[in-house]
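Right, one structure below, let's go through it.
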Amino acid sequence: MTRNRVRLSGGADWQTDFRRRTTGRPPRSAMEIATVRRTLNHTLTELKRAIDGLSVAAAADLYALAWQQAAGAPPSETRQQRALLQSYKEILASRRWQEAERLQASSAPPAVASRPGRGIGGPPRPTSAGRTEKPKPARSSQQQDRPRKPLFPRTRPAARPTPAVVTAEQPSRPAQPGLLDTAKLYEIATGLRPLLEETAKAGTTTSWPRIRKRLPSLPRLHPDDESVILWLVDEDRHEGEPLLAALVTSGNRQMHPRFPVIAEHLGLPCGTNTTQQRTAWSYEVLKVHQHWRHRRR
């Protein structure tokens, strides 16, 4: 029984950082959100022109700028703009666009790289005529009469190798990836939500290893970033929808240890002990399956 128990996330370090990155951010006013939308719409218009004109470098810069601007407002306030960005992402990842990127990279003039310490307008190097050679010291007759040392010195017998001490090395744990910026988290959450909706329609659950198989371009994520992404996915939900984050389980298809904290910051209290939290999670999974099963019809 103890082998299959879900160990809840203890400690307040990651929870404090999670609160700071989600609900702890200063709220945006209606005027600020309108400014974000207006600026983002202008960037999307310029991005569309760059895509139509096959301007690879400009499109890449505008695409990154658009996600930075979208991260300036809650996901529920930029739903249409992020959906349009998702469609542009498919274009930028298409084979036709990659071919245009290779053609433009091959036709670009090569950059002239100067060696360090040798500028273009630097002083010229002195010619051989202007160089002063150091006079060689004259060799005395005693030095000339000395016998020369053999070119190949006498070889000594090789020393016996010392036996190597075999020590048991512990396998090194892979280092955790660094935290991503907010713009990248918004981009990942926008692409993850449709996949979780398909999981809900199928009436199943998933996990982060399975998500990486479905999304090969998804980078390795820090556990704190995974929690923020799930919060962003459900912050984008319509009013009355259950939490799609409940479908992301641990490896043995049990409640994810961080789900209670994520649900609490989304307005769903799950209780204080393990039994209450598991009951709330099971009920939320049932509501997600029922909601999206009826939405499919």
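Kindly provide the set of residues from the stretch 192-215 that are assigned to a helix (DSSP H, G or I) and either among the aromatic types (Phe, Trp, Tyr) or open to solvent by less than 20 Å² (accessible area, probe 1.4 Å) (or both), ordered by number. Across the stretch 192-215, the qualifying residues are Leu192, Leu195, Leu196, Thr199, Ala200, Trp208, Ile211. Residue under question is Lys287, and the condition is that it be of a type outside the set (A, V, I, L, M), under 28 Å from the mean Cα position of the chain (by Cα), open to solvent by 40 Å² or more (accessible area, probe 1.4 Å) and at pLDDT 95 or above; does it hold? Answer is no for this residue. Whether any residue in the stretch 240-255 is farther than 21 Å from Ser76 by Cα and assigned to a helix (DSSP H, G or I) is what I want to check. No, the stretch 240-255 contains no residue that is farther than 21 Å from Ser76 by Cα and assigned to a helix (DSSP H, G or I). Taking the stretch 15-38 as the range and being within 22 Å of the chain's Cα centre (by Cα) and over 19 Å from Val233 (Cα atoms) as the test, only Thr16 passes.
Would you check which residues across the stretch 240-256 are open to solvent by 30 Å² or more (accessible area, probe 1.4 Å) and either in contact with a Gly (Cβ under 9 Å, 6 or more places away or on another chain) or within 21 Å of Asp17 (Cβ to Cβ) (or both) and list them? Listed by number, the list holds a single entry, His256.
Entry remark, the stretch 90-102: residues being open to solvent by 70 Å² or more (accessible area, probe 1.4 Å) and touching a residue at least 40 places away in the same chain (Cβ under 8 Å) number 1 in total.
Against the condition surrounded by fewer than 21 Cβ atoms within 10 Å (Cβ to Cβ) and small (Gly, Ala, Ser), how does Ala280 come out, does it pass? In short, yes. Only one of these conditions is not met by Thr45: (1) surrounded by fewer than 18 Cβ atoms within 10 Å (Cβ to Cβ); (2) among the β-branched types (Val, Ile, Thr); (3) in contact (Cβ under 8 Å) with a residue 24 or more places away in the chain. Which number is it? Going through the list (1) surrounded by fewer than 18 Cβ atoms within 10 Å (Cβ to Cβ); (2) among the β-branched types (Val, Ile, Thr); (3) in contact (Cβ under 8 Å) with a residue 24 or more places away in the chain, Thr45 breaks only (3). As a summary of the residue check, Glu264 satisfies the conditions (1) part of a helix (DSSP H, G or I); (2) open to solvent by 20 Å² or more (accessible area, probe 1.4 Å); (3) in contact (Cβ under 8 Å) with a residue 24 or more places away in the chain except for the one numbered (3).
The values are calculated or read from the model by the stated rules, or taken from the named source; none is laboratory data. Just so it is clear, the model here is predicted, and its values are computed rather than measured. Using ideal geometry, Cβ is built from the backbone for each residue, glycine included, and neighbour counts are taken over all protein chains shown. Just the protein is used for accessible areas: all its heavy atoms, side chains included, with ligands, DNA and RNA removed. Shrake-Rupley method; radii C 1.70, N 1.55, O 1.52, S 1.80 Å.
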